[in-house]
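Visitor: Take a look at this one; I'll ask things after.
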Amino acid sequence: MKRIVFCAVLGLLCSFLVAVCPLPAQGQDWQLVYAHDAEGEATDGSLEALKEAVRKGHELRISFSSRHGAEDSRWVEHTVELTFLTIMSDTLVAGQIRPIIGQTPDFEQMTIVFKENLSWSMLASTSGLCDTIMREVITGEIVNHSQRRFALKWFVRR
């Protein structure tokens, strides 16, 4: 009897966990849909496919790298999910990333450290020209607001 009760409870618990934390279905991997260089020139995929993914409400993320200083052997790579997606005049796709706690690489120690009291966000664009903003968390004061060109890879989860 104890074994039957145990199996029943275990079955209910497993059912609950699957409902709360479902495993991703097959075919829902992230796929590169579009890529462009820092000037916005396509290097892979299709802008039309990216716009279709936006219109269908698919999840999107971007990947990009940033070199630090004149030393080309030092860089960081980032991958981040996008929110608030925009198609502008059927020719440009833009997406915001949620503000993150600022961070900076320490190449001497080979680590990445938080920037205390700073948040950072970016508005990514298929033109390559991306808008970035850094704010002081406590006061909300804008510490830096600038535009910078990035080569971006756009991924979709279908």
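The values are calculated or read from the model by the stated rules, or taken from the named source; none is laboratory data. Predicted model, so just to flag it, every value in this text is computed and none were measured. Don't worry about glycine lacking a Cβ; one is built from the backbone with ideal geometry, like all the others, and counts go over all protein chains shown.
Visitor: Whether any residue in the stretch 123-130 is more than 18 Å from Arg61 (Cβ to Cβ), assigned to a loop (DSSP other than H, G, I, E, B) and polar (S, T, N, Q) is what I want to check.
Guide: Just the residues of the stretch 123-130 that are more than 18 Å from Arg61 (Cβ to Cβ), to begin with: 127, 129.
With the extra rule that they be assigned to a loop (DSSP other than H, G, I, E, B), the set shrinks to 127.
Checking which are polar (S, T, N, Q) leaves us with 127.
Among the residues of the stretch 123-130, at least one is more than 18 Å from Arg61 (Cβ to Cβ), assigned to a loop (DSSP other than H, G, I, E, B) and polar (S, T, N, Q), which makes the answer yes.
Visitor: State which residue is farthest from Ala49 (Cα to Cα) when the search covers only the stretch 149-158 and only residues that are charged (D, E, K, R) and either modelled with pLDDT of 95 or more or in contact with a Phe, Trp or Tyr (Cβ under 6 Å, 6 or more places away or on another chain) (or both). Lay out the reasoning, then the answer.
Guide: First, pick out the residues of the stretch 149-158 that are charged (D, E, K, R): 149, 153, 157-158.
Still in the list and also either modelled with pLDDT of 95 or more or in contact with a Phe, Trp or Tyr (Cβ under 6 Å, 6 or more places away or on another chain) (or both): 149, 153, 157.
Numbers: Arg149: 22, Lys153: 13, Arg157: 12 Å.
Residue satisfying both the conditions and the ranking: Arg149.
Visitor: A further question follows. Does Glu108 satisfy the criteria of being without any contact (Cβ under 8 Å) to a residue 60 or more places away in the chain, out of contact with any strand residue (DSSP E or B) (no Cβ under 7 Å at 6 or more places or on another chain), in a strand (DSSP E or B) and loosely packed, with under 13 Cβ neighbours inside 10 Å? Walk me through how you get there before you give the answer.
Guide: On the way: without any contact (Cβ under 8 Å) to a residue 60 or more places away in the chain: yes; out of contact with any strand residue (DSSP E or B) (no Cβ under 7 Å at 6 or more places or on another chain): yes; in a strand (DSSP E or B): no; loosely packed, with under 13 Cβ neighbours inside 10 Å: yes.
So Glu108 does not fit the description; no.
Visitor: Would you pick out the residues in the stretch 86-133 that are of a type in the set (A, V, I, L, M, F, W, C), more than 15 Å from the chain's Cα centre (by Cα) and within 28 Å of Thr43 (Cα to Cα)?
Guide: Ile87, Met88, Leu92, Leu129, Ile133
Visitor: Go through the stretch 46-80 and count every residue that is among the basic types (Lys, Arg) and modelled with pLDDT of 95 or more. Outline the logic, then answer.
Guide: Let us first name the residues in the stretch 46-80 that are among the basic types (Lys, Arg), namely 51, 55-56, 61, 67, 74.
In the following step, the residues that additionally are modelled with pLDDT of 95 or more were identified as 51, 55-56, 61.
Of the residues in the stretch 46-80, 4 are among the basic types (Lys, Arg) and modelled with pLDDT of 95 or more.
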